[in-house]
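A.B. asks: First the structure, then my questions, so here it is.
The values are calculated or read from the model by the stated rules, or taken from the named source; none is laboratory data. These numbers come from a predicted model, not from an experiment. We place every Cβ from the backbone using ideal geometry, glycine too, and count neighbours over all the protein chains shown. What goes into the accessible areas is simple: the full protein's heavy atoms, side chains included, and nothing from ligands, DNA or RNA. Shrake-Rupley method; radii C 1.70, N 1.55, O 1.52, S 1.80 Å.
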Amino acid sequence: MINKSLKQLGQALAAKDISSVELTTLFLDRIARHNPELNAFISVDRDRSLAQARAADARLASASVAQPAAPLTGIPIAQKDLFCTTGWKTTCGSKMLADFVSPYDAAVIAKLRDEAGMVTLGKTNMDEFAMGSSNETSWFGPVKNPWDMAHVSGGSSGGSAAAVAARLAPAATGTDTGGSIRQPAAFCNLTGLKPTYGVVSRYGMIAFASSLDQGGPLATSAEDCALLLNAMSGFDARDSTSLDRPPEDYARALEKPLNGLRIGLPKEFFNDGCEPAVMAAVEAAIAEYRKLGATTVDISLPNSHLAVPAYYVIAPAEASSNLARFDGLRYGYRAPDYDGLDDLYMKTRAQGFGAEVKRRVLIGAYVLSHGYYDAYYLQAQRIRRLIAGDFAAAFTSCDVIIGPTSPTTAFKLGERTADLVKMYLSDIYTIAVNLAGLPAMSIPCGFADGLPTGLQLIGNYFDEARLLNAAHRYQMTTGWHERMPEGI
Amino acid sequence: MSLTLEQVQKIARLARIEISETEAGTTRDHLNGIFQLIEQMQAVDTRGVEPMAHAQEQSQRLRDDIVSEPDCRAACLAIAPETEAGLYLVPKVIE
Amino acid sequence: MKWEVVIGIETHAQLATVSKIFSGAATAFGAEPNTQASVVDLALPGVLPVLNRKAVDCAIRFGLAVGAKVAEKSVFARKNYFYPDLPKGYQISQFELPVVQGGGLTVQVGGGDAAYEKTIRLTRAHLEEDAGKSLHEDFHGKSGIDLNRAGTPLLEIVSEPDMRSSDEAVAYARALHGLVRWIGICDGNMQEGSFRCDANVSVRPVGQAAFGTRREIKNLNSFRFLKEAIDYEVQWQINEIEEGRAIAQATVLFDPDRGETRMMRSKEDAHDYRYFPDPDLLPLVIGADWLERVRGELPELPQQKRERFQRELGLSAYDAATLTASQEVAAYFEATVAVAGAAQAKPCANWVMVDLAARLNKEGRDIANAPVQPAQLGGLIQRIADNTLSNNIAKKVFEALWNGEGATADAVIEQQGLRQITDSGAIEALVDEVLAANPGNVAEFRAGKEKAFNALVGQVMKAAKGKANPQQVNALLKKKLAG
């Protein structure tokens, strides 16, 4: 059961080969066994999950040919712990929200639980407020990579990635502000999709950088991602940036042959900044695509080297403001000892936030402050437009852009915590996509020294179905995505 | 560009994050490292480029003027650190 | 040295919506604390703002009413600062691109012969959200926070520093208050904080071109306080300068009990608000069709009405301004004229501005609840015009109408026999009678005592029970005494 696709699990549930309670119990037992070591989950609530599973079984029981249950009904899913969830803690990986229970549900939670009928398996570990690339900034401790426990699982959706890679959950949600779905997917041999900005509602998703954040699925295959995106996406009037578009079936084009697909290879992604072993896997994947009928075209994204600098202005600027609400007055952590209101603010935020969050809040406050706004914030926004323009130009000559997801495989725990800039540069290939608001995926494309490598596919706006198609056809012929870590 | 300790304390004050004197030095060094990365932007001539604030060129959607949110006081006060008489309690506000 | 006062005013007008600017919570005044604070208003993690269309409608109405440019594209920005009544740690406002740009307001300053008209230019008006309230009653040495008001829509209206006296400032504030109520975007309730003013005040030697350093007086919630605060502040600033001390830029509060302003914060503590475009809200785009629709819905504006009253009805500027202080007064006046006739516009104006206003004032009623309807007053004024009533008797009839003693002036006149005697034969008979009965007065008059004439008029009116036409009585008496 733990290796079945979501489609197969759905069929098994519909055929009553297994009940949702049985399936959920299976995964809960795996969590109980492996999570103490992996630290992929922050919250698990067996009773609550099983109650949801029973409700799903009731839905399945009352389904008929005329009125079938939603296709994912009864399938468990792990939720990244920044989606507000009633009845569960939503910590955002922070001491600030260590005991926070939201009185309302995020749009994604409500859609997956209430509309799709999926069972919440638990809340997954993450970098604090999604600020990190290794899951080492979590107040709840780092997550270990199931492929090698000495290595990081990636971040910020590191808990979700480790949980799915270790098959503690069939699938998980993640969010991606600068690569937080794609990079952990690459590090853990998973398929992850960051949709076009505005496709998945941000309502109830605790904001890091509002103009970049986007929720999406982490799963073992492109097909699973397509089914999950079908369930997660959709217009939401409560999010002003949610796009009011007709619903689409993201799985509709999965099987389409790739003949004539034009793959753009940006020269900036194929330089010596990438580890040779990773590059070799990417090159092999490109060769595979040619075999599948795709053609390749050399393209250029001339401003891509500016993506990381611009991102480290824009994201902290938005974050510094987004995180101002954590002031110890209405919810969350309040420092135990303080002298007056101002001291309460200063101590609560000093104690409630971890070092990386504080650094980014300070950067943000600085780049927005009087006298620096034009040189930093506006300049970064102008560069953002140049970067978006690069992609627009590239997509006139290709359909999909391909390159590595990350310049390295999963690095060792603790290896980069002292070198922040090196840590930040691990997102060098993923960040530009968020600045432009484009959809992108990471799919498994082989191994280097026993650790997974990821291939990034970037599409034009709303081209998720095409990306999923390209990913699916590749997965039909390669099978990298089916590899599982040993010993779990 | 290089931040001084005084600037670090000033932005920490703006952000309402207490930073001890010993922390301030480390923080300054970290921030200066990050700003070195950021400074790469300054070499780019962006005259005439419209700043991009949003990923999509869309205009603001509007909602009808209808009361749609129910009273959530009980649930919201229940998660607050300190309340009384339906109010959030905070250290004395001096105006 | 002669000093010139320079005043600019920022006004926060609470917009007349039923729900908040960015959430679906109610805006009703006086609810139990925090019962109208939704998860969005409380800034729970993950919540997002969505803009209220009606609030934008109100801003457009205002922009059109003051002849401003309504921006085709405006942007919401975050104003970042920490305060317990500001749950997000930032206020959503507009900064670089406000929805209303420019415009002006023509106001009447003073009354009577000293009255003059002045146009105050507006800098801008922008949409923003209100903050909550800190309650300072003692909760064991702590403050209580009520966030019901957080997220209430405001239009912040910023004037140019065009006012040169507290009287001009009050005239501007009153005209603005009248206008926002007139166009239905704000209830103008100053006690409830729906309309509050901040005054930026500075002084400079007469003839100096550069502005002096200004101090901002915050949160003035009555016209009287506005005047008192400015007058105090101006005198304080002049004293400081004359005693050799420079004015430092500052924000001050007015203490109405002591009639003084006092320092709230100096420029050194001024916030660095770190404004930037709110990434949760997209640019507000107002197309020509929206603008035209709102334009079509706008009532005739006070300025237009004032000009029309002067042009078509021959009213003075002062009368026209008084009668356009509110939609209700203007509507009452126009309905009265509609019955009495345009030729009676001036008496109609006097009755509405003087007699009716005094009577309403005495009972503390507003004009919408006046017991005398415009049609009744118009009918009464008609009877004065056609000599059926003297002004004195008309006041009696008005009183009777007020007390519900008759449905129309004519009915009251009939029932109470108040018709004026205009039959010259009848009046002549009365005159003859009085002359015969008062030979003393007649003799005094003829001896040159003018006062004796008035006594004789009084006697005739008394004999007529006040109903004789006074002009006719005068004329006949003169004729007979001269004869």
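A.B. asks: What list of whole percents do you get for P(r) of chain C, with Cα-Cα distances grouped in 20 Å bins up to the one holding the largest distance?
C.D. replies: 19, 41, 25, 12, 2
A.B. asks: Probe radius 1.4 Å, ligands and nucleic acids left out: which of A:MET126, A:MET476 has the largest accessible area, and how do the rest follow? List each step's numbers first, then the result.
C.D. replies: Values: A:MET126 0, A:MET476 115 Å².
Accessible-area ranking of A:MET126, A:MET476, largest first: A:MET476, A:MET126.
A.B. asks: Convert each backbone phi in region A:469-474 into a coupling constant with the Karplus relation 6.51 cos²θ - 1.76 cosθ + 1.60 (shift: θ = phi - 60°), then list the ³J(HN,Hα) values in order as whole Hz, x for Gly and Pro.
C.D. replies: 3J(HN,Hα) across region A:469-474, in whole Hz: 4, 4, 5, 5, 4, 5.
A.B. asks: Are any of the pairs C:LYS362/C:LYS395; C:LYS133/C:LYS218; A:LYS80/A:LYS347 more than 19 Å apart by Cα-Cα distance, and if so, which?
C.D. replies: Numbers: C:LYS362/C:LYS395 16 Å; C:LYS133/C:LYS218 16 Å; A:LYS80/A:LYS347 28 Å.
With Cα atoms farther than 19 Å apart: A:LYS80/A:LYS347.
A.B. asks: Would you mind giving the mean number of other chain beta-carbons within 10 Å of the Cβ of each residue in B:17-30, as a whole number? Mind showing how you got there, number by number?
C.D. replies: Values: counts 16, 12, 4, 1, 0, 0, 3, 0, 0, 2, 4, 1, 0, 9.
For peptide B:17-30, the averaged partner shielding equals 4.
A.B. asks: Need one value for A:239-247: mean number of C-beta atoms belonging to other chains within 10 Å of its residues' C-beta atoms.
C.D. replies: Values: counts 6, 18, 11, 4, 3, 2, 0, 0, 0.
If you average over the peptide's residues, the count of other-chain Cβ atoms is 5.
A.B. asks: I want to check the label-to-label distance for A:ALA355 and B:GLU21. Put each point 7 Å from Cα in the C-beta direction and report it in nm to one decimal.
C.D. replies: Output for this residue pair reads 2.1 nm.
A.B. asks: I need to check one value: relative contact order of chain A, counting alpha carbon pairs closer than 8 Å and at least 6 residues apart, in percent.
C.D. replies: 18 percent
A.B. asks: To check my understanding: the extent here is largest minus smallest coordinate of the Cα atoms along each principal axis. What are those three numbers for region A:22-90, in Å, largest first?
C.D. replies: Largest first, region A:22-90 extends 45, 25, 18 Å along its Cα principal axes.
A.B. asks: While we're on this one: Please compute, for the alpha-carbon atoms of the protein assembly as shown, the extent along each of the three principal axes and give them in descending order in Å.
C.D. replies: Rounded to whole Å, the extents work out to 137, 79, 60 Å.
A.B. asks: How much length is gained if the chain between C:GLU243 and C:PHE211 is pulled fully straight, taking 0.36 nm per residue apart and subtracting their Cα-Cα distance, in nm to one decimal?
C.D. replies: On the way: separation 32, 0.36 × 32 = 11.52 nm, distance 1.91 nm.
Stretched fully, the C:GLU243-C:PHE211 segment lengthens by 9.6 nm.
A.B. asks: Under 8 Å for C-alpha pairs, at least 6 residues apart: give me the relative contact order for region A:419-467, rounded to a whole percent.
C.D. replies: Relative contact order for region A:419-467 comes out at 31 percent.
A.B. asks: Right, something else. Show which aspartates and glutamates lie in cross-link reach of C:LYS346 when reach means a straight Cα distance below 16 angstrom and same-chain residues fewer than eight apart are skipped.
C.D. replies: Within the straight-line limit of under 16 Å, C:LYS346 reaches these aspartates and glutamates: C:GLU307, C:GLU312, C:ASP319, C:GLU334, C:ASP355, C:ASP386.
A.B. asks: Also, I was wondering about something else. Amide H to amide H under 5 Å from A:SER43: which residues, 5+ apart in sequence or cross-chain, H placed 1.01 Å off N in plane?
C.D. replies: Here the answer is A:LYS123, since their amide H atoms fall under 5 Å of that of A:SER43.
A.B. asks: Another question, if that's okay. Keeping all protein chains in the complex and leaving out DNA, RNA and ligands, what accessible area do you get for A:TYR461 with a 1.4 Å probe, in Å² to the nearest 10?
C.D. replies: We get 70 Å² for A:TYR461.
A.B. asks: Around A:MET118, which amide H atoms from residues at least 5 apart in sequence, or from another chain, sit under 5 Å from its own amide H, with H modelled in the peptide plane?
C.D. replies: Under 5 Å from the amide H of A:MET118: A:GLY74, A:ARG113.
A.B. asks: Next question, about the same structure. Any chance you could run the full-extension gain for A:ALA98 through A:LYS422? It's 0.36 nm times the residue separation minus the Cα-Cα distance, nm to one decimal.
C.D. replies: Working: separation 324, 0.36 × 324 = 116.64 nm, distance 2.88 nm.
So the extension gain works out to 113.8 nm.
A.B. asks: Using the per-residue mean of other Cβ atoms lying within 10 Å as a proxy for protection, in what order, highest first, do the peptides A:169-179, B:33-43, C:331-341 fall?
C.D. replies: Numbers: A:169-179: 29.8, B:33-43: 16.1, C:331-341: 20.1.
Per-residue mean Cβ counts within 10 Å order the peptides as A:169-179, C:331-341, B:33-43.
A.B. asks: Between C:GLN235 and A:ALA66, what is the spin-label point distance in nm, taking each point 7 Å from the Cα along the Cα→C-beta axis?
C.D. replies: With each label placed 7 Å out from Cα toward Cβ, I get 8.7 nm.
A.B. asks: With only Lys, Arg, Asp and Glu charged, each at its Cβ (+1 for the first two, -1 for the last two), find how big the charge dipole of chain A is about the Cα centre; round to the nearest 20 debye.
C.D. replies: Working: 45 positive and 50 negative charges, 89 e Å.
With only Lys, Arg, Asp and Glu charged at Cβ, the dipole is about 420 debye.
A.B. asks: Mind checking which lysines have their C-alpha under 22 Å from C:LYS73, skipping anything on the same chain fewer than 8 residues away?
C.D. replies: C:LYS20, C:LYS54
A.B. asks: Under the rule of at least 5 residues apart or a separate chain, name every residue whose amide H is placed under 5 Å from the amide H of C:THR123.
C.D. replies: Residues meeting the amide H criterion: C:VAL158, C:SER159, C:GLU160.
A.B. asks: Further question: Could you sort the peptides C:363-369, A:322-328, A:292-298 by per-residue average Cβ neighbour count (10 Å cutoff), highest mean leading?
C.D. replies: On the way: C:363-369: 10.9, A:322-328: 26.6, A:292-298: 15.1.
Put in order of decreasing packing, that is A:322-328, A:292-298, C:363-369.
A.B. asks: Over all residues in C:54-61, what is the mean tally of Cβ atoms on other chains that come within 10 Å of each residue's Cβ?
C.D. replies: Numbers: counts 5, 3, 2, 2, 1, 0, 0, 0.
That works out to 2 on average.
A.B. asks: With N denoting the number of residues in region A:167-232, provide Rg(C-alpha) divided by 2.2 N^0.38 Å, to two decimal places.
C.D. replies: Working: Rg = 11.2 Å, N = 66, 2.2 N^0.38 = 10.8 Å.
So the Cα radius of gyration is 1.03 times the expected 2.2 N^0.38 Å.
A.B. asks: How much accessible surface does C:LYS449 have with a 1.4 Å probe, in Å² rounded to 10?
C.D. replies: Counting only protein heavy atoms, the figure is 120 Å².
A.B. asks: Can you pick out the pairs among A:LYS144/A:LYS358; A:LYS358/B:LYS10; A:LYS194/C:LYS79 whose Cα atoms lie more than 19 Å from each other?
C.D. replies: On the way: A:LYS144/A:LYS358 24 Å; A:LYS358/B:LYS10 14 Å; A:LYS194/C:LYS79 31 Å.
Too far apart for the 19 Å limit: A:LYS144/A:LYS358; A:LYS194/C:LYS79.
A.B. asks: Let me ask something else about it. First measure r as the distance between the Cβ atoms of C:GLU96 and C:TRP290, then evaluate 1/(1 + (r/R0)^6) with R0 = 22 Å and state the FRET efficiency to the nearest 0.05. Numbers along the way, then the final one.
C.D. replies: Working: r = 22 Å, r/R0 = 0.99.
It comes to 0.50.
A.B. asks: Considering only protein heavy atoms, what is the solvent-accessible area of C:SER93 at a probe of 1.4 Å, reported in Å² to the nearest 10?
C.D. replies: Rounded to the nearest 10, the figure is 0 Å².
A.B. asks: Under a 1.4 angstrom probe, counting protein chains only, how are C:ARG245, B:ARG73 ranked by accessible area, largest first? Don't jump to the answer; show the numbers that get you there.
C.D. replies: Values: C:ARG245 110, B:ARG73 65 Å².
The ordering from most to least exposed comes out as C:ARG245, B:ARG73.
A.B. asks: Using the basic label-point model (7 angstrom from Cα toward the beta carbon), what is the C:HIS140 to C:GLU10 distance in nanometres?
C.D. replies: 3.7 nm
A.B. asks: Using helices alone, what [θ] at 222 nm do you get for chain C, with -39,500 (n - 2.57) per DSSP H run of 4 or more residues, divided over all residues and rounded to the nearest 500? Mind showing how you got there, number by number?
C.D. replies: Details: 16 runs with 186 residues, N = 483.
That comes out to -12000 deg cm²/dmol.
A.B. asks: Please report the relative contact order for chain C, taking Cα pairs under 8 Å with a sequence separation of at least 6, and give it as a percent rounded to a whole number.
C.D. replies: Numbers: 869 pairs, mean separation 65.7, N = 483.
Result for chain C is 14 percent.
A.B. asks: Could you give me the ³J(HN,Hα) list for region A:21-33, computed from phi with Karplus coefficients 6.51, -1.76, 1.60 and θ = phi - 60°, whole Hz, x at Gly and Pro?
C.D. replies: Working through the residues one at a time gives 4, 5, 5, 5, 4, 4, 6, 4, 5, 5, 4, 4, 7 Hz.
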